[in-house]
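Rule-based calculations on the coordinates, nothing more; no lab input. Computed from a predicted model, the values in this text were never measured in an experiment. Please note: Cβ atoms are built from the backbone with ideal geometry, for glycine as well, and neighbour counts cover all protein chains shown.
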Amino acid sequence: MRTDLSHLKQKAIALRLEGNSYGNIKKTLGLKSKGTLSVWFRDVILPEDSRKKLEKNNLLAIKRGLSSFNNNRTARIKIENELAYKKGSEGIPENLNKRDLLLVGVALYWAEGTKAINKVSPAFSFSNSDPEMVRVFMRFIREILLVKEEVISGGIHVYSNTDVVKAKNFWGNVTNLHTLSLPLNTNRKVNG
């Protein structure tokens with residue numbers, strides 16, 4: 001649930017025009033994020049004396065090591081994110097049992113699948129650019145849904161700077177569908 005912060009906007013703008021930093025304004029007004037301030041200040045033009053005050057404070061912060069602290073913190077967060085991604089990637093083993101594959105497949109379809117029913121027959125599709133996610137989904141439709149190979153088709157979306165043959169080979173290997181057709185127009189989705 002969002003909190004209405006409009007009553008703080010004018011106070012925040014007044015503080016900014018005085019040359020206060022985002023961090024100081026956030027703390028003074030008890031805001032949780034600087035993002036709100038960024039939106040509020042996007043059209044604010046600071047007077048010269050306020051810009052100079054902010055520049056002076058930035059130089060003082062650098063001298064006190066805050067810049068170094070922020071750079072180190074950013075580096076630590078990047079490493080944490082990379083480790084979390086790696087751990088998450090390892091979380092879905094190749095040897096998923098049928099129940100786990102069913103649950104993962106249903107969740108993937110729920111999140112990334114499109115559902116369309118036309119007058120001839122229902123369509124069942126899945127779009128994603130993560131090769132591992134596509135591999136797991138292909139296992140789901142083959143091993144859980146028991147969809148016959150002859151009715152599975154794949155498409156790729158390529159751009160003008162894409163090597164179409166490499167893209168076709170790459171996704172053919174990921175999906176084990178080697179009938180992906182080459183696009184006639186490289187700016188359009190390819191079905192095959």
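Some notes on this structure:
- Listed peptides 158-168, 132-142 appear in the order 132-142, 158-168 once ranked by packing, highest mean of other Cβ atoms within 10 Å at the front.
- Scalar couplings 3J(HN,Hα) for the range 73-85, obtained by applying the Karplus form with A = 6.51, B = -1.76, C = 1.60 to θ = phi - 60°, are 5, 4, 5, 4, 5, 4, 5, 4, 5, 5, 5, 5, 5 Hz; x denotes Gly and Pro.
- A Förster radius of 35 Å combined with the Cβ-Cβ distance from Lys52 to Arg73 puts the calculated FRET efficiency at roughly 0.80.
- Placing pseudo-labels 7 Å out from each Cα toward the beta carbon at Gln10 and Leu145 gives an inter-label distance of 5.7 nm.
- Note on the range 15-174: Cα convex hull, mean projected area over all directions, 16.9 nm².
- Rounded FRET efficiency, nearest 0.05, which uses the C-beta distance separating Thr28 from Ser129 and R0 of 41 Å: 0.45
- Dmax and Rg, reported as Rg then Dmax, of the range 6-84 (C-alpha, Å): 14.9, 44
- Distances between placed amide hydrogens fall under 5 Å for Phe124 paired with no residue 5 or more residues away or on another chain.
- Residues whose amide H falls under 5 Å from that of Gly155, counting only those 5 or more places apart or on a different chain, are Gly192, with hydrogens built in the peptide plane.
- Note on Asn97 and Tyr85: the model spin-label points, each 7 Å out from Cα along the C-beta direction, lie 3.2 nm apart.
- Packing rank of 48-56, 67-75, where each peptide gets the mean count of other beta carbons within 10 Å, highest leading: 48-56, 67-75
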